[in-house]
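In what follows, a structure is listed as structure tokens, so that the remarks can point back to it.
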Amino acid sequence: MDVPAVAVTLNTNDFGDVKTMAILAQVAPAKLDMNATATDSTANLVVVSGTNMTETDTFLHGVSLADFAVVCGNLPGVTLWAPVQDECSIGTLANNIDQTLFMDELYVNSIEFSYTTGANATENYGAETDNKMWLLNDGRFVNYESFTLDGTDVGNGYVDLTLASGNNIATLSTGLGFLRRDDNGAPGITWYDADLNEMVNVEIAVGDGAGTTAYVYDAEVPGVAVHRVYFPTTGNYVPAEGDRIQIIYAADAYSTATNNTYFTALSSADRPDMIGAIRQGQVEAYVVADTDSEFDISWRLTGVTITADLTREPLAELGHLSPYDRPLTMPIPITVTVDSTAGDLENWSKFAGKLSEFDANTLDDLKLADLMAEEDLKLVVKIYAQTDEEAGNATADNRTIMTGSDLIGQNWFLDGTMGTYSAAAQTEHALKTIVVEHLKITDEGSTLDVGANMTQTFGFRSTNDLYVVKGDLSIDTITNGHKIRRNG
């Protein structure tokens, strides 16, 4: 095969944040901040209601599977790199980097969320690309600098990188070490047009002053500055106030930019810094029907796994070795597995849409046809910062903030509206909520072995409708004819 195939796996603990998924899905920068109450212009998700899918006034920060399919306005895949620390510096804070693995145009092709008793909650991604390189010696330090342009920047017509005087951007075999590429394969920078909500890689050339249609890098402006990047003066790529410039480059040192990490957003103060991994006491999972008025956690669930297969089709053309795009194949299949310790038949009746009859002791039989007839089930998984014991030995809406908790002073979100924990005894809200709509049962199994409790496993399928929301959701936002959709 002519085209290299590079498979990438990204495994991480789930720590209650949506930023990892949002960055990998290329959620627009204007909707990626997620640091204030969601509005029509800052929200990536919206709640709709009724058979006509009428938009409500409830906007949500978050990400959906549909975001991975969006091509217009996005770059061709995301950029990923992994610095390898010098062996003698392991365990220290030293920036002694021996080498850096770098990959561009990385496309996510699978997602898995796993929540089980006795293990850390995990959030795993598979991806594919056709390029991979190692940077070493004078190019081993990969730098990321991002500029939100103000009136002064636009008036000056340039920005200055924070790489120190005496350090240099590397010269690679492909040219100067700017690591993103324009459509013609030339070294480039990324320009985000805030008005059009579009990102594009634009060529950057080497020179000693502003160019016409390309960005220009000047290594030294005598007596003034070093590492200056001039904006073009004419053409389609002239930036305006409010636009953003992203520059990724290989150098012989790290710059001093405070944002010199691609995933800086993951360490935001909006996320409680006490979260390292999520365990069973911080996870609540529900399967709700559209008629439910409260969350019921009394099912003895022991595990929930959500997987989505984002199949990519490499599109090739004569004249180019590598694919020019890898569009997502629609619809996107979603698989949900729910495990529980067997008790009474409450789970069966819930999945069959006959819970009210079960609770009233009027239900005399349950059969497979009942399970297959239910159409409006939704899976809801909520991730909390506190365990249930820290939260007053309570679950769902009865959770409270523990005295002296590190959450006090942190922000919370409920149905897209932001607030701040000011004292103990306040209601604790979920850090994030996962919703999978339109569950259709595919399989059911019961296992009974000598020496072990009986278990039940239910398998479901859905397509497209997986949403990960920053913060908490009330039951009415999810049920009673409401659905979550991407806010285009």
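The values are calculated or read from the model by the stated rules, or taken from the named source; none is laboratory data. This structure is a prediction, so every number in the text was calculated from the model and none was measured. Backbone-built Cβ (ideal geometry, glycine too); neighbour counts: all protein chains shown.
A quick yes/no check of all residues on (1) within 30 Å of residue 338 (Cβ to Cβ); (2) without any contact (Cβ under 8 Å) to a residue 40 or more places away in the chain:
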residue	(1), (2)
17	yes, no
33	no, yes
39	no, yes
44	yes, no
58	yes, no
77	no, no
95	no, no
101	no, yes
118	yes, no
Residue that is among the polar types (S, T, N, Q), on the phi > 0 side of the Ramachandran plot and modelled with pLDDT of 90 or more, where the choices are 398, 393, 411: 393
Every residue from region 52-78 that is assigned to a loop (DSSP other than H, G, I, E, B) and either in the same structural domain as residue 180 (by TED's automatic domain parsing) or more than 30 Å from residue 307 (Cβ to Cβ) (or both): 52
Residue match in region 177-184 (condition: over 30 Å from residue 319 (Cα atoms) and of a type outside the set (A, V, I, L, M)): no
Residue count, region 115-127 (criterion: under 26 Å from residue 179 (Cα atoms) and modelled with pLDDT under 95): 0
Segments classed as strands (runs of 3 or more DSSP E), wholly inside region 377-478, with at least 1 members that are buried (at least 22 other Cβ atoms within 10 Å of the Cβ): 377-383, 411-414, 432-447, 455-463, 466-470
Among the candidates 445, 419, 471, residue that is over 18 Å from residue 385 (Cα atoms) and small (Gly, Ala, Ser): 445
Check on residue 20, touching a strand residue (DSSP E or B) at 6+ places or on another chain (Cβ under 7 Å), among the polar types (S, T, N, Q) and surrounded by fewer than 16 Cβ atoms within 10 Å (Cβ to Cβ): no
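For (1) within 29 Å of residue 252 (Cα to Cα); (2) in a strand (DSSP E or B); (3) aromatic (Phe, Trp, Tyr), each residue gets a yes or a no:
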{"position": "92", "(1), (2), (3)": "yes, no, no"}
{"position": "100", "(1), (2), (3)": "yes, yes, no"}
{"position": "111", "(1), (2), (3)": "no, yes, no"}
{"position": "162", "(1), (2), (3)": "yes, no, no"}
Residue match in region 305-317 (condition: in contact (Cβ under 8 Å) with a residue 24 or more places away in the chain, in contact with a Phe, Trp or Tyr (Cβ under 7 Å, 6 or more places away or on another chain), within 30 Å of residue 181 (Cβ to Cβ) and assigned by TED's automatic domain parsing to the domain that holds residue 479): yes
Single unsatisfied condition, residue 129 versus (1) touching a Gly at 6+ places or on another chain (Cβ under 8 Å); (2) surrounded by fewer than 16 Cβ atoms within 10 Å (Cβ to Cβ): (2)
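A quick yes/no check of all residues on (1) farther than 24 Å from residue 339 by Cα; (2) modelled with pLDDT under 90; (3) not basic (Lys, Arg):
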{"residue": "403", "(1), (2), (3)": "yes, no, yes"}
{"residue": "416", "(1), (2), (3)": "yes, no, yes"}
{"residue": "431", "(1), (2), (3)": "no, no, yes"}
{"residue": "454", "(1), (2), (3)": "no, yes, yes"}
{"residue": "461", "(1), (2), (3)": "no, no, no"}
{"residue": "465", "(1), (2), (3)": "no, no, yes"}
{"residue": "486", "(1), (2), (3)": "yes, no, no"}
Check on residue 326, among the basic types (Lys, Arg), under 25 Å from residue 115 (Cβ atoms) and touching a residue at least 60 places away in the same chain (Cβ under 8 Å): no
Meets criteria (at negative phi and assigned by TED's automatic domain parsing to the domain that holds residue 336) for residue 424: yes
Qualifying positions in region 164-216 - more than 25 Å from the chain's Cα centre (by Cα), hydroxyl-bearing (Ser, Thr, Tyr), closer than 15 Å to residue 237 by Cα and assigned to a strand (DSSP E or B): 215
Checking residue 134 against (1) in contact with a strand residue (DSSP E or B) (Cβ under 8 Å, 6 or more places away or on another chain); (2) surrounded by 14 or more Cβ atoms within 10 Å (Cβ to Cβ); (3) not acidic (Asp, Glu), the condition it does not meet: (2)
Given (1) β-branched (Val, Ile, Thr); (2) under 20 Å from residue 181 (Cα atoms); (3) under 19 Å from the mean Cα position of the chain (by Cα), number of the condition residue 100 does not satisfy: (3)
Scope region 37-72; condition small (Gly, Ala, Ser) and surrounded by 14 or more Cβ atoms within 10 Å (Cβ to Cβ); matching residues: 38, 43, 49, 62, 64, 66, 69
Any hit, region 171-189, residues being touching a residue at least 40 places away in the same chain (Cβ under 8 Å) and exposed (fewer than 14 other Cβ atoms within 10 Å of the Cβ): no
